[in-house]
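Notes for the one structure printed next.
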Amino acid sequence: MLKIDLTGRRALVAGVADDGGFGFAIAKSLAEAGAKVCVGTWPPALGIFQTLLRRGKMDASRKFADGSLLEFEKIYPLDAAFDTLESAPAEVRENKRYKELGDFSIAGLAAQLKSDFGEQPLDIVVHSLANGPEVKKPLLETSRAGYLEAVGVSAYSMVSMVANFAPLMKKDGSFVSLTYMASERVIPGYGGGMSSAKAALESDTRVLAYEAGRKYGVRVNTISAGPWASRAASAIGIIDAMVEYASNNSPLTDAMTAEDVGNAAAFLVSPLAAGITGTTMYVDKGYHTMGKATDARYAPPGDPGRNA
Ligand SMILES: NC(=O)c1ccc[n+]([C@@H]2O[C@H](COP(=O)([O-])OP(=O)(O)OC[C@H]3O[C@@H](n4cnc5c(N)ncnc54)[C@H](O)[C@@H]3O)[C@@H](O)[C@H]2O)c1
């Protein structure tokens with residue numbers, strides 16, 4: 001039988017701080033396919049995440065079909081806004097949530113992985129993080145600082161992760177990130193430069209696939225996911241309406257799940273996808289194919305998708 005088998009591979013999933021987002025779902029799918037999974041967690045969220053795990057509050061979501069529980073091999077602090085510890089300002093390094101954590105930068109995590117597991121510890125790297133401090137503001141009202149932070153944390157971080165982690169990967173290693181359709185179409189309400197960040201992330205996916213493919217033999221892809229009410233998305237303030245809209249107007253009307261994204265990611269990083277790199281893969285129940293809403297006001301009588 002053809003199956004997704006990640007046995008003997010190690011994954012790093014950056015951007016897991018609870019059990020409600022795509023990072024957690026991807027980690028679970030990768031582990032279910034046999035991979036060992038380490039996660040990178042944003043320092044301000046790390047303490048709560050560890051406490052919830054310790055107290056068993058995530059046991060229901062950690063459960064696999066056979067009843068066993070998802071275990072993370074290691075949980076590392078990671079602030080993807082910083083490439084090196086020296087680049088973090090003193091007030092961050094001295095902040096109480098950061099100062100006992102050692103080197104929480106991207107380069108710091110690369111060094112820690114090598115010291116924990118050897119020179120080529122990774123096969124799979126997942127970038128499942130984003131932050132735009134002004135996401136609720138329209139682009140026209142976004143400050144330069146807010147825009148640059150959105151692009152820095154949500155897009156440049158991927159460039160930095162490929163630069164720092166590709167040398168640690170075995171040949172045939174694979175990167176995947178998460179993007180959103182606001183990169184290519186206007187999604188009112190997804191502001192603050194986050195649409196710009198996703199456009200950069202998708203363009204960079206193509207260039208990184210070429211450069212890191214030639215240099216290290218690794219693959220780089222991104223998944224354009226439909227709307228999902230994770231913690232980050234809920235902060236945008238319009239996520240429930242976006243989920244409902246996508247479900248009403250997509251070819252497939254069952255709501256998309258985080259597991260759909262997790263399973264697609266497991267395929268993309270597996271040997272079954274050895275020929276796929278530089279792509280944006282939609283996991284959105286087909287919403288991206290639509291050019292018109294199916295609201296009864298606009299759909300002709302007899303339209304198969306007409307919503308009353
Ligand atoms: N939820 C959606 O509707 C949706 C749709 C398409 C794409 N995405 C993308 O999926 C990815 C995961 O988001 P999610 O919606 O699953 O939410 P999430 O809250 O599970 O994940 C976002 C993570 O980013 C982390 N983070 C924020 N700033 C960071 C930093 N500086 N360093 C390290 N980590 C940082 C947060 O702690 C959080 O764990 C993001 O790239 C997001 O843009 C989400």
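Some notes on this structure:
- Here Ala45 fulfils each of the conditions (1) of a type in the set (A, V, I, L, M, F, W, C); (2) open to solvent by less than 70 Å² (accessible area, probe 1.4 Å); (3) in a loop (DSSP other than H, G, I, E, B) apart from (3).
- Qualifying residue in the range 56-76 (condition: open to solvent by 60 Å² or more (accessible area, probe 1.4 Å) and assigned to a helix (DSSP H, G or I)): yes
- Candidates in the range 286-299 are the residues that are open to solvent by less than 70 Å² (accessible area, probe 1.4 Å) and either without any contact (Cβ under 8 Å) to a residue 24 or more places away in the chain or within 18 Å of the chain's Cα centre (by Cα) (or both); of these, the one that is nearest to Arg206 (Cα to Cα) is Ala299.
- Within the range 107-163, considering residues that are in a loop (DSSP other than H, G, I, E, B) and among the small types (Gly, Ala, Ser), the one farthest from Ile187 (Cα to Cα): Gly118
- The C-beta contact set for the range 9-24 (first residue assigned to a strand (DSSP E or B), second residue near the ligand (Cβ under 6 Å from one of its atoms), distance under 7 angstrom, 6+ apart or interchain) comprises Val13/Gly23; Val13/Ser128; Ala14/Leu78; Ala14/Ala80; Ala14/Ser128; Ala14/Leu129.
- Whichever residue in the range 174-189 is crowded, with 24+ Cβ neighbours inside 10 Å and either over 27 Å from Met290 (Cβ atoms) or modelled with pLDDT under 95 (or both) and, among such residues, is nearest to the chain's Cα centre (by Cα): Phe175
- Residue list for the range 165-188, restricted to those being β-branched (Val, Ile, Thr) and in a loop (DSSP other than H, G, I, E, B): Val186, Ile187
- Any hit, the range 66-76, residues being closer than 25 Å to Ala150 by Cβ, hydroxyl-bearing (Ser, Thr, Tyr), under 20 Å from the mean Cα position of the chain (by Cα) and within 10 Å of the ligand (Cβ to nearest atom): no
- Tally of residues being within 30 Å of Pro271 (Cα to Cα) and open to solvent by 30 Å² or more (accessible area, probe 1.4 Å) across the range 202-252: 12
- Exclusive hit being over 20 Å from Leu201 (Cβ atoms), part of a helix (DSSP H, G or I) and touching a residue at least 24 places away in the same chain (Cβ under 8 Å), set Ala266, Ala232: Ala266
The values are calculated or read from the model by the stated rules, or taken from the named source; none is laboratory data. Because the structure is predicted, anything quoted here is derived from the model rather than measured. Glycine also receives a Cβ, built like all others from the backbone with ideal geometry; neighbour counts cover every protein chain displayed. Surface areas here come from the heavy atoms of the whole protein model, side chains and all, with no ligands, DNA or RNA. Shrake-Rupley method; radii C 1.70, N 1.55, O 1.52, S 1.80 Å.
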